[in-house]
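Bear in mind these aren't lab numbers, they're just calculated from the coordinates by the rules spelled out. Quantities reported herein were computed from a predicted structural model and do not represent experimental measurements. So basically every Cβ, Gly included, is an ideal-geometry build from the backbone, and we count neighbours across all protein chains shown.
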Amino acid sequence: MLATIKGYYEKGRIVMSEEAPVQSKTEVIITFLTEQANKPAKRQPGGLKGKISLPDDFNEPLSDLNDYM
């Protein structure tokens, strides 16, 4: 069984914000969410310039759709 419980780490202790869904000794995996991990990456305007291109005939009708027009 996998379960996720929110809590926090302070002064060498982990404090859970809610009750654990198990009653016996159980292995756990602890993931620390640092402030940096919570912030989305800052977008850089023009970051994809020169990496994306559209063909010259982009707005032309597709020949595959001739039967429907």
Suppose the filter is touching a Lys or Arg at 6+ places or on another chain (Cβ under 6 Å), of a type outside the set (Val, Ile, Thr) and loosely packed, with under 10 Cβ neighbours inside 10 Å; does Ser17 pass it?
yes
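With the structure loaded, tell me whether Ala41 is loosely packed, with under 10 Cβ neighbours inside 10 Å and among the small types (Gly, Ala, Ser) or whether it fails that test.
Working: loosely packed, with under 10 Cβ neighbours inside 10 Å: yes; among the small types (Gly, Ala, Ser): yes.
Yes, satisfied.
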Restricting to the stretch 1-21, name every residue that is of a type in the set (A, V, I, L, M, F, W, C) and either under 16 Å from Thr31 (Cβ atoms) or part of a strand (DSSP E or B) (or both).
Leu2, Ala3, Ile5, Ile14, Val15, Met16, Ala20
